[in-house]
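Data first, discussion second: the structure below is written as structure tokens.
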Amino acid sequence: MAKSRDLRIKTGRKGLRIVTIFCILFVAGNVLARSELPSLLWKMGMMAVKNHTIPASEEWNLLVVNRWNEIPEDYSVTLTELGNGQKVDSRIYPDLQEMFDAMRAEEIYPIVREAYRTAEEQQEILDERIQRYVNEGYSRSKAVRMAEEWVAVPGTSEHQIGIAVDINADKTKSTNDEVYAWLAENAHNYGFILRYPQGKEDITGASYEPWHFRYVGKEHAKIIFGNHICLEEYFQ
């Protein structure tokens, strides 16, 4: 009887330990799920595919460029100059023009504020943003970190591939809010997506930019828009 009782005690304690461990893991899992686990897993995945980019010769319109994926060294682009001097990849010009015509037909008047940039121009913009933060009293290292949240490091900016545009309003005729609202609802019909959506910062590596639209083609844009995902998620 003593041995039987000892066995029950040992078995009971073992079961209690298992239940306790399970409860701890369950609580910890829920906390992580609500906090940093998704972001951590994503970042680990992005590190694993760092420098793995789609070649420019294959699906040029789906080239993923972000802080983890640099522009291929052999990338080249043929540019078309717009009326205000900005330049875009010639292949996206017809759909961009069609989209702008549709907006103007609804009495909304957009302009391309920023389009293609060289690496040198991208570096100048980054340097200016860093200096602005330094002038505000931040340390150099802090200024660099803050600047890179808004301005891509040369080689990692979509503006350097010519298929991304920053679209604002012609302030004499429309407001930025009118332009952003129209684009958010309609740009996918012309092959463009909101590249840096709100709530996707950990995935895109960039802050929300309601003015930054990226060409992916009409078929892909409609899928991305319909599923409320960003370009990185589209490939996952």
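The values are calculated or read from the model by the stated rules, or taken from the named source; none is laboratory data. Not measured: the values here are computed from a predicted model. Cβ: placed from backbone, ideal geometry, glycine included. Neighbour counts: every protein chain shown. For accessibility, only protein heavy atoms count, side chains too; no ligands or nucleic acids. Shrake-Rupley method; radii C 1.70, N 1.55, O 1.52, S 1.80 Å.
Could you give the dipole magnitude of the range 52-150 about its Cα centre, charging the beta-carbon of Lys and Arg +1 and that of Asp and Glu -1, in debye to the nearest 20?
On the way: 11 positive and 21 negative charges, 104 e Å.
Dipole about the Cα centre, nearest 20: 500 debye.
Just to check I understand the Karplus step: with θ = phi - 60° and J = 6.51 cos²θ - 1.76 cosθ + 1.60, what whole-Hz values come out for the range 102-117, glycine and proline as x?
5, 5, 5, 5, 9, 6, 10, 10, x, 9, 8, 7, 9, 9, 5, 9
On full extension of the chain, what length is gained from residue 64 through residue 184, given 0.36 nm per residue of separation minus the C-alpha to C-alpha distance? All intermediate terms of the calculation are to be shown ahead of the outcome.
Numbers: separation 120, 0.36 × 120 = 43.20 nm, distance 2.05 nm.
That works out to 41.1 nm of additional length.
How much length is gained on full extension from residue 73 to residue 136, taking 0.36 nm per residue of separation minus their Cα-Cα distance?
Details: separation 63, 0.36 × 63 = 22.68 nm, distance 3.60 nm.
Result for the pair: 19.1 nm of gain on full extension.
Roughly how many whole Å is it from the C-alpha centroid of the range 192-236 to that of the range 105-160?
19
Could you sort the peptides 114-126, 169-181 by per-residue average Cβ neighbour count (10 Å cutoff), highest mean leading? Before the final figure, lay out each step's value.
Working: 114-126: 16.7, 169-181: 14.7.
The peptides rank, most packed first, as 114-126, 169-181.
Give the carbon-plus-sulfur fraction of the accessible surface of the range 156-236 in %, rounded to a whole number; probe 1.4 Å, heavy atoms of protein chains only. Numbers along the way, then the final one.
Numbers: 1530 of 3290 Å².
Using a 1.4 Å probe with all protein chains present, the range 156-236 comes out at 46 percent carbon and sulfur.
Which Cα, out of 176, 115, 137, lies furthest along the positive dipole direction of the range 105-180 (beta carbon charges, K/R +1, D/E -1)?
Positive-end residue among those listed: 137.
Could you give the length gained on full extension between residue 201 and residue 223, defined as 0.36 nm per residue of separation minus the Cα-Cα distance, in nm? Don't skip to the end; give the middle numbers.
Working: separation 22, 0.36 × 22 = 7.92 nm, distance 2.00 nm.
Contour length minus the Cα-Cα distance gives 5.9 nm.
Which whole-number value in Å² is the accessible area per residue of the range 69-151, probe 1.4 Å?
Values: 5070 Å² over 83 residues.
Accessible area per residue, the range 69-151: 61 Å².
About the Cα centre of the range 133-236, how large is the charge dipole given +1 on each Lys and Arg Cβ and -1 on each Asp and Glu Cβ? Please answer in debye to the nearest 20. It would help to have the intermediate numbers written out before the result.
On the way: 10 positive and 15 negative charges, 32 e Å.
The calculated dipole for the range 133-236 is roughly 160 debye.
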